[in-house]
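**Student:** What follows is a single structure, and I will ask about it in a moment.
The values are calculated or read from the model by the stated rules, or taken from the named source; none is laboratory data. From a predicted model like this one, the values you see are computed outputs, not experimental measurements. So basically every Cβ, Gly included, is an ideal-geometry build from the backbone, and we count neighbours across all protein chains shown. Surface accessibility is based on the protein's heavy atoms, side chains included, excluding ligands, DNA and RNA. Shrake-Rupley method; radii C 1.70, N 1.55, O 1.52, S 1.80 Å.
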Amino acid sequence: MTAAEALVKAVRIMADAGVDGAPRDARLLLAHALGVGADRLTLLLHDTVPTDALVRFGTLVANRASRVPVAYLIERRQFFGRDFIVTPAVLDPRGDTETLIEAALVRPFARLLDLGTGSGAIALTLLAERPGTTGIATDVSRAALDVAGRNAAGLGVADRIAFAQSDWFSHVTGPFDLIVSNPPYIAASDMQDLSPEVLNEPREALTDEGDGLSAYRAITTGAGAQMTPGGRLLVEIGATQGQTVASMFKVAGFAQVAVTKDIDGRDRCVSGDWAG
C-alpha cells in the first residue's frame with residue numbers, strides 16, 4: 001500500500017468516527033509512523049509504506065477514531081513556536097493560552113511562579129522568552145512534573161526552573177514578581193458538554209468538580225503572601241468568568257485589574273498588580 005492509499009483509508013475511518021480535521025490528522029499520524037517530518041510526507045506519497053510502519057499507522061488511526069487527541073498519539077504539540085512533549089498525564093496546550101503568554105510578556109519580570117504547570121508550556125515559554133529570569137513550577141501530579149522536566153531540558157532552561165509537587169502555595173516560598181496559572185476552571189455541570197477529545201485529558205486539570213471557581217479563590221487569597229509589592233498575578237479563565245474572577249482579584253487586594261480577550265474576542269485572562 002502506498003502512503004497516498006493509506007491516507008485515503010485513514011481519512012475515511014476517522015471521518016466516519018466524527019473526527020474533525022481528519023485529513024490533517026491522518027498526515028500527522030502517518031508522518032509519525034514513518035518517522036519523518038510532516039513537511040516531507042508529500043515527497044513519499046507514491047512510495048510503498050513499510051509493513052511495520054503500516055501497522056503502527058493503523059494503531060494510531062484506530063486510537064484517533066476513538067477520539068484520543070492527536071497530540072497524545074504523536075506526543076508533541078507546538079506552542080508559541082516551540083515543540084513540547086505532551087502525554088496523557090498533562091493537558092494538551094492550546095493556542096488560546098498563548099494569550100496569557102503575550103499578556104505576561106508586556107512587562108518585565110525576574111522570578112515567576114507557575115501554579116498547575118502541566119506540560120510546563122506557560123512557565124518554560126516565559127523563561128525561554130526572557131533569558132536571565134528564573135522560576136518555580138508546581139503541580140499536584142508527579143507524572144505532570146516529569147513531563148515538564150523533560151520539556152525544560154529540551155528547551156535548554158532546566159537550570160533556571162525548579163519543580164515542586166504542591167497544591168497551590170503549600171510547598172512554595174516567594175517572593176515572586178509574576179505568578180501565572182491556567183487552573184481547572186470548567187464547572188462539573190459543564191463537563192458533559194465537552195468534546196470526546198477533551199474528555200480524554202486529565203479530568204483533575206479540567207474541573208474542580210464544583211462551580212469552576214475554587215482554584216481562583218485559592219489563588220487570589222494566597223498569592224499576596226508570595227508576591228513582591230507591585231508583583232503581577234495573571235490567570236487564564238473560561239469565557240464567561242471574566243468579571244467574577246476580576247472581582248475576586250479586587251477583593252483580595254489587587255489593583256489595576258484587567259480582563260484580556262483572546263484572538264476570537266472572548267475573555268481569556270485576568271491580571272492584577274499586588275497592592276499590599
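**Student:** State the dimensionless ratio Rg/Rh of segment 183-276 (Rg: radius of gyration of Cα atoms; Rh: Kirkwood radius). Let's see the in-between values first.
**Tutor:** Working: Rg = 14.0 Å, Rh = 13.9 Å.
Result: Rg/Rh = 1.01.
**Student:** Hey, could you grab the Kirkwood Rh for segment 91-221? Inverse mean 1/r over distinct alpha carbon pairs, Å, one decimal. Walk me through the numbers before you get to the answer.
**Tutor:** Details: mean 1/r = 0.0660 Å⁻¹.
15.1 Å is the Kirkwood radius here.
**Student:** Using alpha carbons only, what's the Rg to Rh ratio of the chain with Rh from Kirkwood? Could you put the intermediate results ahead of the total?
**Tutor:** Numbers: Rg = 20.4 Å, Rh = 19.9 Å.
Looking at the chain, the ratio lands at 1.02.
**Student:** Can I ask one more? Of all the accessible heavy-atom surface of segment 42-160, with the other protein chains kept in place and a 1.4 Å probe, what percent is carbon and sulfur? Provide the component values of the computation, followed by the final result.
**Tutor:** Working: 2720 of 5020 Å².
Using a 1.4 Å probe with all protein chains present, segment 42-160 comes out at 54 percent carbon and sulfur.
**Student:** Right, next: After finding the eigenvalues of the alpha carbon gyration tensor for segment 57-155, what semi-axes result from the square roots of 5 times each, listed largest first in whole Å?
**Tutor:** Numbers: eigenvalues 144, 39, 24 Å².
Rounded to whole Å, the semi-axes are 27, 14, 11.
**Student:** Checking the a/c ratio against 1.5 first, then a/b against b/c, what shape does the Cα gyration tensor give for segment 87-127?
**Tutor:** On the way: a/c = 3.07, a/b = 1.58, b/c = 1.95.
Oblate, since a/c reaches 1.5 and b/c is not below a/b.
**Student:** Measure off 7 Å from each Cα along the Cα-to-Cβ vector at residue 2 and residue 261, then give the distance between these two points in nanometres to one decimal.
**Tutor:** 4.8
**Student:** Return the Rg/Rh value of segment 136-194, two decimal places, where both radii are evaluated on C-alpha atoms and Rh is the Kirkwood radius.
**Tutor:** Using Cα coordinates only, the ratio equals 1.06.
**Student:** Another one. How much length is gained on full extension from residue 209 to residue 193, taking 0.36 nm per residue of separation minus their Cα-Cα distance? Please report the intermediate quantities before stating the final value.
**Tutor:** On the way: separation 16, 0.36 × 16 = 5.76 nm, distance 1.44 nm.
Result for the pair: 4.3 nm of gain on full extension.
**Student:** With axes computed from alpha carbons, what is the tilt in degrees of helix 214-223 against the longest principal axis of the chain, rounded to the nearest 10 within 0 to 90?
**Tutor:** 50
**Student:** Over the Cα atoms of segment 26-82, each weighted equally, I'd like the Debye log10 I(q)/I(0) at q = 0.12, 0.13, 0.18, 0.24 Å⁻¹, rounded to two decimals.
**Tutor:** -0.28, -0.33, -0.62, -0.99
**Student:** Roughly speaking, what % of Cα-Cα pairs in segment 1-118 are separated by over 16 Å, rounded to a whole number? Could you put the intermediate results ahead of the total?
**Tutor:** Values: 4481 of 6903 pairs.
Of all Cα-Cα pairs in segment 1-118, 65 percent lie more than 16 Å apart.
**Student:** With the crude spin-label approximation of a point 7 Å out along Cα→Cβ, what separation in nm comes out for residue 167 versus residue 217?
**Tutor:** 1.4
**Student:** Moving on to the next point. Looking at the chain, send over the antiparallel percent of its DSSP beta bridges, to the nearest 5.
**Tutor:** Working: 16 of 36 bridges.
Just about 45 percent of them are antiparallel.
**Student:** By the scheme Lys and Arg +1, Asp and Glu -1, what is the net charge of all other residues having a beta-carbon under 9 Å from that of residue 188? Walk me through the numbers before you get to the answer.
**Tutor:** Numbers: positive: none; negative: 190, 208, 209, 211.
Within the 9 Å Cβ shell, the charges total -4.
**Student:** Counting Lys and Arg as +1 and Asp and Glu as -1, what is the net charge of the other residues whose Cβ lies under 15 Å from the Cβ of residue 21? Write out the running numbers ahead of the final one.
**Tutor:** On the way: positive: 12, 24, 27, 64, 67, 77, 94; negative: 16, 20, 25, 92, 197.
It works out to a net charge of +2.
**Student:** Next up: Quick one: plug the Kirkwood hydrodynamic radius of segment 65-112 (C-alpha pairs) into Stokes-Einstein at 37 °C, 0.692 mPa s, and report D in µm²/s.
**Tutor:** Rounded, D is 265 µm²/s.
**Student:** Can you check what the net charge comes to around residue 10, using other residues whose Cβ is under 10 Å from the Cβ of residue 10 (Lys, Arg +1; Asp, Glu -1)?
**Tutor:** Numbers: positive: 9, 12, 27, 64; negative: 5, 25.
So the surrounding residues net to +2.
**Student:** Give the whole-number value, in cubic angstrom per residue, of the convex hull volume spanned by the C-alpha atoms of segment 97-164.
**Tutor:** Value for segment 97-164: 71 Å³ per residue.
**Student:** Just want to confirm a number: the relative contact order over segment 124-276, from Cα pairs under 8 angstrom separated by 6+ residues, in percent.
**Tutor:** Numbers: 249 pairs, mean separation 29.3, N = 153.
Rounded, it is 19 percent for segment 124-276.
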